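Just so you know, all these numbers are worked out from the coordinates, no wet-lab data involved. Just so we're clear, the structure is a prediction, and the values are computed from it rather than from any experiment. Cβ placement follows ideal geometry from the backbone for every residue including glycine, while neighbour counts extend to all protein chains displayed.
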């Protein structure tokens, strides 16, 4: 019995992560990234300039807010350990119809892959370790 989910063609899969880097669908990215099912926002093409939870703001999620189709679930990988998302930011995202789930970056990578394979409208904001 095959239990590995089938990944649709052209979808982003987070293959690995480590200190200061991610490997997404065969491409290595340095630094923090925003990952959508169909694309990744990362340096050097377009940077997502967030290196710590304290740098998060509604403006940092402009690509998430502008996504079409709209993102329903935003996974926030906050680095090596869980940190809280400021209540005002959580409320502002919720007002835009986006539910947030904050977890360590490794858990966010794994959860993104599962939700993406289920064809959920998900994005992951991953702060590099």
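The table below lists the values:
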quantity: Residue match in the range 68-88 (condition: within 29 Å of residue 7 (Cα to Cα), touching a helix residue (DSSP H, G or I) at 6+ places or on another chain (Cβ under 8 Å), surrounded by 20 or more Cβ atoms within 10 Å (Cβ to Cβ) and in contact (Cβ under 8 Å) with a residue 60 or more places away in the chain); calculated: no
quantity: Hey, residue 58 touching a helix residue (DSSP H, G or I) at 6+ places or on another chain (Cβ under 6 Å) and touching a residue at least 24 places away in the same chain (Cβ under 8 Å) or not; calculated: yes
quantity: Residue in the range 93-109 that is farthest from the chain's Cα centre (by Cα), counting only those that are surrounded by fewer than 16 Cβ atoms within 10 Å (Cβ to Cβ) and outside any strand (DSSP E or B); calculated: 95
quantity: Residues (more than 15 Å from residue 32 (Cβ to Cβ), outside any loop (DSSP other than H, G, I, E, B) and in contact (Cβ under 8 Å) with a residue 60 or more places away in the chain) located in the range 111-129; calculated: 113, 114, 116, 117, 122
quantity: Residue check for residue 70: over 23 Å from residue 129 (Cβ atoms) and part of a loop (DSSP other than H, G, I, E, B); calculated: yes
quantity: Any pair with Cβ under 9 angstrom, 6 or more apart, that starts in the range 26-38 at a residue that is on the phi > 0 side of the Ramachandran plot and ends at one that is exposed (fewer than 12 other Cβ atoms within 10 Å of the Cβ); calculated: 31/49
quantity: In the range 37-66, the residues that are in contact with a strand residue (DSSP E or B) (Cβ under 7 Å, 6 or more places away or on another chain), surrounded by fewer than 20 Cβ atoms within 10 Å (Cβ to Cβ) and part of a loop (DSSP other than H, G, I, E, B); calculated: 43
